[in-house]
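Student: Below are the structure tokens for one structure; questions will follow.
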């Protein structure tokens, strides 16, 4: 078995993780805490299950919290490109295999952040009967809203030769993210936990590949799955939806929130003016009771 890439701080991350082989000997790490109705939490880029630590601690008394680290991230293996696709389709397959392998049965609540929105809703498009509720945290499952410009910082990474140097060579994507994605500065311990998975050039591959896989048009390899997920959104019109949004997000801004509200007019929506992209870091203490009430716990 591949040794974990780092040892999490047990005071901040007091969990006994699990792992499974997603195929090809690639070990995928995940949390499986508590018992009861399943709540599946999907993180984005360049984050890991650490983002959901306080939700897990606050829900595991009544719910089964299943939280994967995407391949190449957190405590999961980071294979080379020849062994793993690092595509949206691969991520959706990983989620399917995880839920089947962990014996997660019945309808689940999906908690979606950043890339977790596309991964989760692309899976949900094929398994709508498996979805009981949706919790939306600064994410998307549709193309760029009308009039929304793709951020130039992401364009440099996605479409220029500078991308690999900035992300893998200088680690600027992660180092910049832990500063710019919050409105309240992280403590040193929390910042160290977010940076820990990205200590080596080799392990920064996943962060780069996620940006390179952002679907902007029909020529992009993830575009068909985006279209599939977007087309399936009306199937969830009667599904309870909770939206908790950090209004200080420079990527998933108010235009994305407005799109969620347009598509789900019955959703329960909470705006956090003092929160950024990592909305749970800035406003997690206020979101947890909202989530417990939404879940009926």
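Student: Mind checking the full-extension length gain between residue 228 and residue 27? Use 0.36 nm per residue of separation minus the Cα-Cα distance, one decimal, nm.
Tutor: Values: separation 201, 0.36 × 201 = 72.36 nm, distance 2.81 nm.
Length difference between fully extended and current span is 69.6 nm.
Student: Moving to a separate point now. Report the full-extension gain for the segment residue 216 to residue 261: residue separation times 0.36 nm, less the Cα-Cα distance, to one decimal in nm.
Tutor: Gain in length upon complete extension: 14.0 nm.
Student: Next question. Using R₀ = 25 Å, calculate the FRET efficiency as 1/(1 + (r/R₀)^6) where r is the Cβ-Cβ separation of residue 201 and residue 250; round to 0.05.
Tutor: The computed FRET efficiency comes out at 0.40.
Student: For the modelled label position 7 Å from the Cα of residue 156 along Cα-to-Cβ, which residues of the range 179-195 have backbone nitrogen atoms closer than 16 Å?
Tutor: Label zone hits: 179-181.
Student: In deg cm²/dmol, rounded to 500, what helix-only [θ] at 222 nm does the chain give when every DSSP H run of at least 4 residues adds -39500 (n - 2.57) and the total is split over its residues?
Tutor: Per the formula, -10500 deg cm²/dmol.
Student: Then there's this: Separation between the residue 54 and residue 238 pseudo-spin-labels, each 7 Å from Cα along Cα→Cβ, expressed in nm?
Tutor: About 3.6 nm separates the two model spin labels.
Student: Cβ neighbours within 10 Å, averaged per peptide: list 246-256, 206-216 in order, most packed at the top.
Tutor: Values: 246-256: 18.7, 206-216: 20.5.
Top to bottom by mean Cβ count within 10 Å: 206-216, 246-256.
Student: Which of 77, 94, 159 moves the most in a Gaussian network model of the chain with Cα springs under 10 Å?
Tutor: 159
Student: Under the definition of Cα pairs under 8 Å and six or more residues apart, what whole-number percent is the relative contact order of the chain?
Tutor: Rounded, it is 19 percent for the chain.
Student: I would also like to ask the following. Please check: in the Gaussian network model of the chain (C-alpha springs, under 10 Å), which one of 42, 31, 11 has the largest mean-square fluctuation.
Tutor: 11
Student: Just report the Cα centroid separation between the range 1-44 and the range 78-143, whole Å.
Tutor: 15 Å
Student: Ok, one more. Tell me the label only: which of (1) 39, 23, 19; (2) 25, 23, 20; (3) 33, 24, 17 is semi-axes √(5λ) of the Cα gyration tensor in Å as calculated from this structure?
Tutor: Evaluating semi-axes √(5λ) of the Cα gyration tensor in Å on these atoms matches (2).
Student: Additional query: Connecting C-alpha atoms closer than 10 Å in a GNM of the chain, tell me which of 14, 185, 38 has the biggest fluctuation.
Tutor: Checking each option, the largest mean-square fluctuation is seen for 14.
Student: Something else: The range 234-251 to the range 156-171: how many Å between their Cα centroids?
Tutor: Going from one Cα centre to the other spans 30 Å.
Student: Give, in nm to one decimal, the length gained when the segment between residue 292 and residue 129 is fully stretched (0.36 nm per residue of separation minus the Cα-Cα distance).
Tutor: That works out to 56.4 nm of additional length.
No value in this document is a laboratory result; all are computed from the given coordinates. The model shown is predicted, which means the values in this text are computed figures rather than measured ones. With ideal geometry, Cβ positions are generated from the backbone for all residues, glycine too; neighbour counts draw on all protein chains shown.
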